Amino acid sequence: MKIAVIAHTNAKRPRIEKDLLGALHVYVNAPPQEGKANQAIEKALAEYFQVKKTQVNLISGAKSKNKLFEIA
């Protein structure tokens, strides 16, 4: 399953929210440096969908707020 995510880094309170259009907004407190935020988003999505972290892969958007993840 492919999931479109809008990333919000350096958030005070980490969370995952859906907006009215169904897009996932993932808030993480990691900085957007050296892939730390992407790793934190992968971990948050794994917990949200109750899968292993290795089953969550970033497909596109490594340096963008709009990301595409694949969940196996």
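The values are calculated or read from the model by the stated rules, or taken from the named source; none is laboratory data. Since we're looking at a predicted model, the values are computed, not measured. Please note: Cβ atoms are built from the backbone with ideal geometry, for glycine as well, and neighbour counts cover all protein chains shown. Keep in mind that these areas ignore ligands, DNA and RNA; they rest on the heavy atoms of the full protein, side chains included. Shrake-Rupley method; radii C 1.70, N 1.55, O 1.52, S 1.80 Å.
Some observations on this one:
- Solvent-accessible area, 1.4 Å probe, carbon plus sulfur percent, for the chain: 51
- Ordering of 31-42, 47-58 by burial proxy (mean other Cβ atoms within 10 Å per residue, highest first): 31-42, 47-58
- Taking the chain and dividing mean pair separation by its residue count, relative contact order in percent (alpha carbons under 8 Å, at least six apart): 34
- Cα extents of the chain along the three principal axes, largest first (Å): 29, 27, 20
- Dipole moment magnitude, nearest 20 debye, the chain about Cα centre, only Lys, Arg, Asp, Glu C-beta charged: 120
- With K and R counted +1 and D and E -1, the other residues having a Cβ less than 13 Å from that of Val26 yield a net charge of +2.
- Per residue, the accessible area of the chain comes to 68 Å² when a 1.4 Å probe rolls over the protein heavy atoms.
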